[in-house]
Number of protein chains: 2
Amino acid sequence: MTQDRVFNFSAGPSVLPEEVLLKASNEMLSYGNSGMSVMEMSHRSKDFLSIIESAESHMRSLMKIPDNYKVLFLQGGASLQFSMIPMNLFIKHKKADFIDTGAWSTKAIKEAKIYGEANVLATSKEQVYSYIPKLDSSSFSNDVDYFHITVNNTIYGTRYTPENIPNTGSIPLVADMSSNILSEAYDINKFSLIYAGAQKNIGPAGLTVVIIKDDLIGKAMDSTPTILDYKTHVDNDSLYNTPPCYSIYICKLVLEWILGQGGVKGIEQINKYKSNLLYSYLDESNLFKGTVVKEDRSLMNIPFITGNDELDALFIKEATSKGFVNLKGHRSVGGMRASIYNAMPVDGVQKLIALMKEFEVNHK
Amino acid sequence: MTQDRVFNFSAGPSVLPEEVLLKASNEMLSYGNSGMSVMEMSHRSKDFLSIIESAESHMRSLMKIPDNYKVLFLQGGASLQFSMIPMNLFIKHKKADFIDTGAWSTKAIKEAKIYGEANVLATSKEQVYSYIPKLDSSSFSNDVDYFHITVNNTIYGTRYTPENIPNTGSIPLVADMSSNILSEAYDINKFSLIYAGAQKNIGPAGLTVVIIKDDLIGKAMDSTPTILDYKTHVDNDSLYNTPPCYSIYICKLVLEWILGQGGVKGIEQINKYKSNLLYSYLDESNLFKGTVVKEDRSLMNIPFITGNDELDALFIKEATSKGFVNLKGHRSVGGMRASIYNAMPVDGVQKLIALMKEFEVNHK
Ligand SMILES: Cc1ncc(COP(=O)(O)O)c(C=O)c1O
Ligand SMILES: Cc1ncc(COP(=O)(O)O)c(C=O)c1O
Ligand SMILES: [Mg+2]
Ligand SMILES: [Mg+2]
Ligand SMILES: [Mg+2]
Ligand SMILES: [Mg+2]
């Protein structure tokens, strides 16, 4: 890490690989032989087309995306997907099943209700979303257009493991992967639509990636604006209007960095190693403890508490002064949260644990 | 200009001030004392809040935006505004008047029709959009919710001058200023809503600026998704969801650069000087000529032709090889187009003219 950089545990936007930032900085005034910044490039130029095509092909190879899925680079954040999904997928029943694992699921539910019915099959709300509800597939509806889950809950630090993805049979499974896309291997064939705001594991805010199965495309409600119909973006290779070009370029660089880490399998090992270090310490510590049940723990977002609000505040203050920043938990949970996305170096986690140990010694 | 940079006449995304790119490059790994890139900052962090607040206050002072207007930083491009505007403004009549000055007006009309009636009051289509229709205000409808114009047509190179903005009385005037915002002084009080994709005069693609009068806020149709209701963004100071943070940061730098040029009045003088150089040459040249009637000429986008397709192609090829790039006209018009936005240096225009003169001598 360069001298003056901090360890940034922000939940999003969040840490990016330093190599990516260095490359972006070096190429800022002229990309390749283009004589201009990527920010200045026409989205129809050869140079930019090659950037967006590389981004897509890296995404396909990293996530093993089959040919019958499209990869789209959109704007509007994951939040716009909360609306685009029902607009495009409420094809027959105008109804969907949801599992509520926290604030993000709740928002997806709220927006779907504008266009039809949102059936909440299960929720972990009564336990402050500290676990993923166990599902009995016999409770799944038959008369729904899709089934929606939030694969990793950024705020509460829960996740559906790859083994634990609900089997919805012929009902399309729709998944918000904003905060754990590209962090470990999921079988794409289990999903019909995956979406993710870029600002955690993909790149800068302002880009949303959507991976959508062919058979869901072209069936949007009549009243859907052209720009909110997935088919528009499929037919135009994500260039219907000016895309967020620079964010797509940074995405390409991030994906190349992941390839250099051994792909998703490689980064998964590192992520498991990093999160394990922190969870093991939380389990053995007498001061700090995690808030999520073991089997549903996120690899990316790790909330923890001392059980004493003043001590929490003191820890956050001390950590901040030492260059470990954005450790404050979400306002709805309190305590601390360490978001350790792909780009957080192992070193950052090790040093955080050392700091926590020191704090524990001083405060017992 | 740094040695290896080209003169980039792209219509958008387009040239940015070199000083802005240099600053962005230098601050890429650590912004101020933050120890992180702006791309890595939480949108709720102090550092980022100060960036977005500066961007807004610069925009307000540069454009002299009165207090009863809100300034919003959104995603989705100007194209998403084509839908958000009717969703939010079709309050009573579900009908709007439009002046059709080309492809962008046409798209705005098409999307408005999804939600109500779009009445085309006048069009210059029969003359390939080479002029702005003269308007008789007695033809304006009384039973419309708004009146829409495209202030500067990027493709055809026409513009409503500040003196020529239609007086719509009590009917809200809505204006697409994507390609000439901040290029010369317009009286904001004449408008109720101004929108602009950032990728010409504001910053990178992926950011849309909306300036909206208070009395239009909070009246969206019931079926409007939360994220497409202007009120949502007003109530959350453009932080309802993660905004395109890095684009907002570049916007702030661009606005500071404009302030350094003497503000909008200063840049207007330079723009008039630059466009005058090129128009004067086009008028005196025996080979090249402009395509737009004199009184409606854009300061930003200058289409021109030789009248011979082969010569046009040859000129574009020679220019490109000499580092004058993106001079090809839009596919719907042919010929050439020089987009000379705020950030195009005077030098670039002078050298382009020198090149055209040389070409003229060699091809007469
Ligand atoms: C799981 C999840 N879904 C959705 C969102 C909303 O994303 P955006 O801010 O891009 O709309 C977030 C943002 O942090 C998130 O963590
Ligand atoms: C005048 C005008 N309006 C709208 C648009 C569409 O903007 P966006 O691509 O950001 O949707 C453009 C794009 O060039 C434009 O020039
Ligand atoms: Mg949540
Ligand atoms: Mg413990
Ligand atoms: Mg047009
Ligand atoms: Mg002439």
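Of the residues making up region B:12-39, those that are buried (at least 18 other Cβ atoms within 10 Å of the Cβ) and within 14 Å of A:MET36 (Cβ to Cβ) are B:GLY12, B:PRO13, B:SER14, B:VAL15, B:LEU16, B:PRO17, B:VAL20, B:LEU21, B:ALA24.
If the condition is being free of Cβ contacts under 8 Å to residues at least 12 places away in the same chain and in a loop (DSSP other than H, G, I, E, B), then region A:274-331 contributes A:ASN308, A:ARG331.
From the list A:MET63, A:MET39, A:MET59, the one residue that fits, being among the aliphatic types (A, V, I, L, M) and either under 27 Å from B:ALA343 (Cα atoms) or within 16 Å of ligand 3 (Cβ to nearest atom) (or both), is A:MET39. Apart from one condition, A:LEU62 fits all of (1) touching a Cys at 6+ places or on another chain (Cβ under 6 Å); (2) away from chain B (no Cβ under 11 Å); (3) surrounded by fewer than 22 Cβ atoms within 10 Å (Cβ to Cβ); the exception is (1). Taken as a whole, the structure places A:TYR146 among residues that are in the same structural domain as A:GLN199 (by TED's automatic domain parsing), touching a residue at least 24 places away in the same chain (Cβ under 8 Å), surrounded by 22 or more Cβ atoms within 10 Å (Cβ to Cβ) and aromatic (Phe, Trp, Tyr).
Can we say B:GLU163 is more than 16 Å from ligand 6 (Cβ to nearest atom), under 15 Å from the mean Cα position of the chain (by Cα), surrounded by fewer than 24 Cβ atoms within 10 Å (Cβ to Cβ) and away from every other protein chain (no Cβ under 14 Å)? Considered against the rule, which asks whether it is more than 16 Å from ligand 6 (Cβ to nearest atom), under 15 Å from the mean Cα position of the chain (by Cα), surrounded by fewer than 24 Cβ atoms within 10 Å (Cβ to Cβ) and away from every other protein chain (no Cβ under 14 Å), B:GLU163 comes out as no.
Going by the conditions given, is B:ASN271 within 14 Å of chain A (Cβ to nearest Cβ), surrounded by 19 or more Cβ atoms within 10 Å (Cβ to Cβ) and either within 16 Å of ligand 3 (Cβ to nearest atom) or touching a residue at least 24 places away in the same chain (Cβ under 8 Å) (or both)? Judged against the criteria, B:ASN271 is not a match.
Is there a residue in region B:2-17 that is in a helix (DSSP H, G or I), within 11 Å of another protein chain (Cβ to nearest Cβ) and in contact with a helix residue (DSSP H, G or I) (Cβ under 8 Å, 6 or more places away or on another chain)? Scanning region B:2-17, I find no residue that is in a helix (DSSP H, G or I), within 11 Å of another protein chain (Cβ to nearest Cβ) and in contact with a helix residue (DSSP H, G or I) (Cβ under 8 Å, 6 or more places away or on another chain), so the answer is no. If you go through region A:216-231 and keep only what is over 22 Å from the mean Cα position of the chain (by Cα), in a helix (DSSP H, G or I) and within 11 Å of chain B (Cβ to nearest Cβ), you end up with A:THR226, A:ILE227.
Here is a list: A:VAL209, A:VAL234, A:VAL264, A:VAL254. Which entry is within 30 Å of A:MET39 (Cα to Cα), more than 14 Å from chain B (Cβ to nearest Cβ), touching a residue at least 12 places away in the same chain (Cβ under 8 Å) and under 18 Å from the mean Cα position of the chain (by Cα)? Criteria check complete, one pass: A:VAL264.
The values are calculated or read from the model by the stated rules, or taken from the named source; none is laboratory data. Remember, it's a predicted structure, so these values are computed and weren't measured experimentally. Methodologically, a virtual Cβ is constructed for each residue, glycine included, from the backbone with ideal geometry; neighbour enumeration extends over all protein chains shown.
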